[in-house]
Amino acid sequence: MGTDMCFPDSMLEELRDACQQDPRVAALYAFDLRRSGECNVAAVFTETPPWPERLELELAVARALDMERVELINLRRMPLISRYDVVNRGEPIYVGDPEALAIFIEETVVRYSAFYPLLEALYWKVETKPLAADMLPQ
């Protein structure tokens with residue numbers, strides 16, 4: 001997904017200016033996990049801002065992106081599979097702390113890589129299991 005589908009470069013410049021005001025924003029990602037054409041914005045924070053400051057940041061991001069409102073999804077609080085999908089298929093639209101972002105990506109990929117074989121084994125166990133008698137056509 002290219003950011004040109006979501007936000008024009010002029011908006012991204014305003015977004016970067018708004019995000020530079022808060023050093024706790026390590027990165028912002030644009031993503032569309034449902035592939036619905038609706039862009040979502042997720043944040044990697046070095047430290048989660050308190051609610052009043054987070055709301056100020058969300059308002060600044062909404063103004064920059066010319067949106068009525070924006071909810072910044074905290075990537076650290078997303079389920080692992082969704083978190084991996086955002087890192088893998090989403091696109092960073094702002095990087096304020098490249099080192100913190102690199103550590104976050106590495107943690108995500110390592111945890112997902114350790115989890116994936118278990119997920120695949122479960123899938124194959126469910127998919128190759130014989131059907132129960134009550135599930136067979138009569």
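The values are calculated or read from the model by the stated rules, or taken from the named source; none is laboratory data. Predicted, not measured: the structure shown is a model, and the values here were computed from it. Methodologically, a virtual Cβ is constructed for each residue, glycine included, from the backbone with ideal geometry; neighbour enumeration extends over all protein chains shown. Each accessible area value is taken on the protein alone, full model and side chains, heavy atoms only, with ligands, DNA and RNA left out. Shrake-Rupley method; radii C 1.70, N 1.55, O 1.52, S 1.80 Å.
General observations
- With each label modelled as a point 7 angstrom along the Cα→C-beta vector, the I103-Y123 pair spans 3.2 nm.
- What the phi angles of region 57-68 give under the Karplus curve with 6.51, -1.76 and 1.60, with θ = phi - 60°, is a coupling list of 5, 4, 5, 5, 5, 4, 4, 4, 8, 6, 10, 5 Hz, glycine and proline written as x.
- Positive-end residue of M78, A62, S113, charge dipole of the chain with Cβ unit charges: S113
- Computed from the Cα positions only, the extents of region 26-116 along the three principal axes stand at 39, 30, 20 Å, in decreasing order.
- Per residue, the chain reaches -16500 deg cm²/dmol at 222 nm when only DSSP H runs of four or more residues are counted, each adding -39500 (n - 2.57).
- The chain - charge dipole about Cα centre, Lys and Arg +1 at Cβ, Asp and Glu -1, debye rounded to 20: 680
- For the chain, the relative contact order comes to 29 percent (Cα pairs under 8 Å, sequence separation of at least 6).
- Rounded percent of accessible protein surface that carbon and sulfur make up, the chain, 1.4 Å probe: 54
- Positive-end extreme of charge dipole, the chain - chosen from L28, I93, T128 (charges on Cβ): T128
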